[in-house]
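One structure below.
Taken together, the values in this text are just the output of simple stated rules run on the coordinates, not laboratory data. On a predicted model such as this, the values are computed, not experimentally measured, just so you know. Cβ coordinates were reconstructed from backbone atoms using ideal geometry, including for glycine residues, and neighbour counts include every protein chain displayed.
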Amino acid sequence: MYDIPHHTQETAVTDVKIKAKDVQVYYGDTHAIKDVSVEIENNTVTAFIGPSGCGKSTFLRCLNRMNDTIDICRVQGDILIDGEDIYDKRVDPVQLRAKVGMVFQKPNPFPKSIYDNIAYGPRIHGMARNKAELDEIVERALRRGAIWDEVKDRLQAPGTGLSGGQQQRLCIARAVATEPEVLLMDEPCSALDPIATAQVEELIDELRQNYAVVIVTHSMQQAARVSQKTAFFHLGNLVEYDDTSKIFTNPEDSRTESYITGRIG
Amino acid sequence: MPLLWLILLVLAIAAGVFIFARARVLAQSGQDRRTLHSLPNYYGSNAAMKSAIPALLVLVIWLIAQPLYVNTSVSGMIPDTAIAESSSRSLVLAEVRRTAEGLDLAIATGNMTEDEARNMRADISDVTQRLSDAGAIVTSQVTQPVLRAAQQFRVLNATGYQIMTAVVLLIAIAGGLWGVRETRPEFRARNVVEQGICVLLIAAASIAILTTLGIVLSLVFNTIEFFRLYPASEFFFGTSWAPSFSGRGGASDLGILPLLWGTFYISIVALIVAVPIGLFSAIYLSEYASPKVRAFAKPMLEVLAGIPTIVYGLFALLTVGPLLVSVFGDDGLGWMQAGTAVMTAGLVMGIMLIPFVSSLSDDIINAVPQAMRDGSYGLGATQSETIRQVVLPAALPGIVGAILLAASRAIGETMIVVLGAGAAARLSLNPFDAMTTVTAKIVSQLTGDSDFASPEALVAFALGMTLFVITLGLNIFALYIVRKYREQYE
């Protein structure tokens, strides 16, 4: 296997946002993630690709401890964000998730108004001192989610009434409203049509200015379009992790090449 | 031929037709099943269906129609002079039926020959004595017109049953032949059988609906009868409930308001107990409990729903009532005179409703998509924030529906009220006073010895109708809310 950590450590030490070392994940008796070590850089879009069931979503969910909500899931190894072990006993997973936002595969707006959907996170974290500040946070988040112009006249309408693409951008806006440092996206475009996908991809590229973005995707083209770094997972192993341009033009591992050319999957 | 034998015979014919039709189509196909339109059993079922169903249908209709016909024709034989002053035609007819049964019994026990039973005259032989010797119930001296009518009744019934047997068997055979004749390989037996099953399902559904309709109609007619005898305005707006029973005389006050107030007061106390406990236990079970605890606790909670309400009533009468009296009674705070009170019945009814609220709410909370919870957790919300701000609002319409269903249970509850709340109809705000509800009063009005045609008895139907309308309204409202909730995540 291509041993990434030593390679990248030399070049971009200061820029590493998330550092995972020898991560193992078990679902009951199933060994879902085997020895994954990876360093995710700040202000970069990192794409996780790989066939279904290869563990890329599971690994993504380790980064904000979403796997804690699954009883049978066990995580071993170290995951450090800004040098701090997120699986340390002193770390509150709730605080961690406020710092590491997540967007899911299927748009999941709450059955509340558009405004309340966005204000949900800022409210529970006490980010606004008064209504005016909250309004400002909501508007900023919706603008960053590239959906402000479409919904500004109907903020009190239910979020579930939007179209699929709008709902997903609403969910992205909801995630950025809590001012996270890292944004995890689990196949954010798999339920969207090409036009909505293009809008979301454009958005992801803009979000890179402020966050480290990690995106799981089944679309090789999408990975190539939006990401700067790409990690290829296969059967729970991290096979290869490098610059996106290198992975797609000159992969080192034969399995990576087979996958991106469509021979395994 | 006894009825059971006739039915068995029809079914036997159908079974025979089934086997025959199946064999016939197999023979026609030359033992190659692939040339058949349907599987061989469908041909058999089609023929059996055509044999048995029309025959049994005729049987049922005949059994309903024959007594009507016999009664009318026998009734015509009884002259008006044979009906005593204090009696009525229907009473005399009942006597005729009893005498006919007595004659049957006398023949069966060997006290009389068939010939005697047919031709005996009441003025010559001592019929009454011989019938009671045979063990039949004879209330008065059997007179000649009654005896003649009874004899005619027996003859008509006997011939009727003979004709019925013949007709039913003929139809069974004819239907079977029709089914067998149809049986050819290209006949679409499968589709016909499916249609038959469809008709069967429709029939079952319409029986359920027609029964509901029948219940409503029986209530409506008696209610109308009641309002003829008692002014509706006094019934709906009267604040006093004081029925006078037969023998005591005097006019009755039949105002529904004290009863409605008792019903609502007890139901509200019950809901105040049941809703928080039920809802909180549902939240615990669906969100916090480990699968082990849940697997144990949920059935335990649902055991509460299986306890008969009379047992709850005993619990109220023997345990909760005395307990409350010891705290709020004369020895304690002095608010409570006796163990039977709104509070007693309300508390116990609340316990009864806990499983309704918790079980329904639990299902509804579980139906909230996991994606909602994930979304909330992903934003850094704690479990309790997620439940309060995402899960419960999403489940709220369904929970309201569950509560309304529980409320209509509470309003219709009887036994706990009878044993726990007392029987005094009263408009009072003190929850430690004895009060009573609409349902409890329906029981006491109908089980008394008052004349069935008096307003005191008929009021039960008006009460029942009012209750029916109220609970129906609540149920429709609950269903409306639950349906609205379903649309939220299509």
Nonlocal amide H pairs with B:LEU254, under 5 Å, H built at 1.01 Å: B:ALA242
So for the protein assembly as shown, taking the charge dipole from beta-carbon charges (+1 Lys/Arg, -1 Asp/Glu), which of B:ILE351, B:VAL417, B:VAL199 sits furthest toward the positive end? B:VAL199
Counting DSSP beta bridges with both partners in the protein assembly as shown, what percentage is antiparallel, nearest 5? 60 percent
Over the C-alpha atoms of segment B:3-187, what are the Rg and the largest Cα-to-Cα span, Dmax, in Å? 24.4, 78
Using modelled amide H (1.01 Å from N, peptide plane; none on Pro or chain starts), what sits under 5 Å from the amide H of A:LYS17, excluding residues fewer than 5 places away? A:ILE40, A:GLU41, A:ASN42
Would you mind computing Rg(Cα) / (2.2 N^0.38 Å) for chain B, counting N as its residues? 1.39
Neighbour count of at most 11 Cβ within 10 Å plus DSSP loop: longest trypsin sites (Lys or Arg not before Pro)-free window in chain B: B:249-490
Translational D (Stokes-Einstein, µm²/s) of segment A:10-120 at 10 °C and 1.306 mPa s when Rh comes from the Kirkwood sum over C-alpha pairs? 102 µm²/s
Could you state, as a whole-number percent, how many of the C-alpha pairs of segment B:201-265 are farther apart than 17 Å? 61 percent
Filter the trypsin sites (Lys or Arg not before Pro) in segment A:105-189 down to the DSSP loop ones having no more than 11 other Cβ atoms within 10 Å, then list what survives. A:ARG129
Going by how many other Cβ atoms sit within 10 Å of their own, how do B:PHE153, B:PHE328 line up, fewest first? B:PHE328, B:PHE153
For peptide A:102-113, compute the average count of partner chain beta-carbon atoms within 10 Å of each residue's beta-carbon. 5
Based on C-alpha coordinates, I'd like the Rg and Dmax of segment A:39-190, in Å. 16.2, 48
Which whole number in µm²/s is D for the protein assembly as shown by Stokes-Einstein, with the Kirkwood Rh taken over Cα pairs at 10 °C and 1.306 mPa s? 46 µm²/s
Regarding segment B:79-207, what is the average projected area of its C-alpha convex hull, in nm²? 13.0 nm²
For segment A:14-58, count the residues as N, evaluate 2.2 N^0.38 Å, and divide the Cα radius of gyration by that value, please. 1.31
Spin-label point model (7 Å from Cα, Cβ direction): what's the B:LEU91 to B:GLN66 distance in nm? 3.0 nm
In Å, what Rg and Dmax follow from the Cα atoms of segment B:42-99? 19.6, 64
Where the convex hull is taken over the Cα atoms of chain A, what is its projected area averaged over directions, in nm²? 14.2 nm²
Can you compute the FRET efficiency between B:LEU429 and B:ASP330 using 1/(1 + (r/R0)^6), with r the Cβ-Cβ distance and R0 = 25 Å? Round to the nearest 0.05. 0.80
Cα-derived Rg to Rh of segment A:151-225, Kirkwood definition: 0.97
With r defined as the distance between the Cβ atoms of A:LYS21 and B:ALA367 and R0 fixed at 60 Å, what FRET efficiency is calculated, to the nearest 0.05? 0.90
How tilted is helix A:194-207 with respect to the longest principal axis of chain A? Cα atoms for both, answer in degrees (0 to 90, nearest 10). 80 degrees
B:MET300/B:PHE468 FRET efficiency (R0 30 Å; Cβ-Cβ; nearest 0.05): 0.35
Within the under-14-Å Cβ sphere about B:ALA440, not counting B:ALA440, Lys/Arg +1 and Asp/Glu -1 give a net charge of +1
Average Cα contact separation per residue, segment B:122-266, under 8 Å, 6 or more apart, as relative contact order %: 10 percent
Kindly give Rg over Rh for segment B:90-162, based on alpha-carbon atoms, with the Kirkwood expression for the hydrodynamic radius. 0.93
Top of A:THR58, A:THR249, A:THR197 by mean-square fluctuation, Gaussian network on chain A, Cα under 10 Å: A:THR249
Amide proton proximity set for A:PHE48, modelled H, under 5 Å, gap of 5+: A:ILE215, A:VAL216, A:THR217, A:ALA231
Cα gyration tensor category, rounded, prolate or oblate, for segment B:332-490 with a/c compared to 1.5: oblate
So which GluC sites (Glu not before Pro) in segment B:164-208 pass both tests, a DSSP loop state and at most 12 other Cβ atoms within 10 Å of the Cβ? B:GLU186
Extension gain A:GLU133-A:ASP205, at 0.36 nm per residue separation less the Cα-Cα distance, in nm? 23.2 nm
Sort B:HIS37, A:HIS234 so that the residue with the fewest other Cβ atoms within 10 Å of its own Cβ comes first and the one with the most comes last. B:HIS37, A:HIS234
Expressed as a whole-number percentage, the relative contact order of chain A with C-alpha contacts under 8 angstrom and at least six residues apart is 28 percent
Relative contact order of chain B (C-alpha contacts under 8 Å, at least 6 apart) in percent is 16 percent
By count of other Cβ within 10 Å, fewest leading, how are B:ILE307, B:ILE171, B:ILE266 ordered? B:ILE307, B:ILE171, B:ILE266
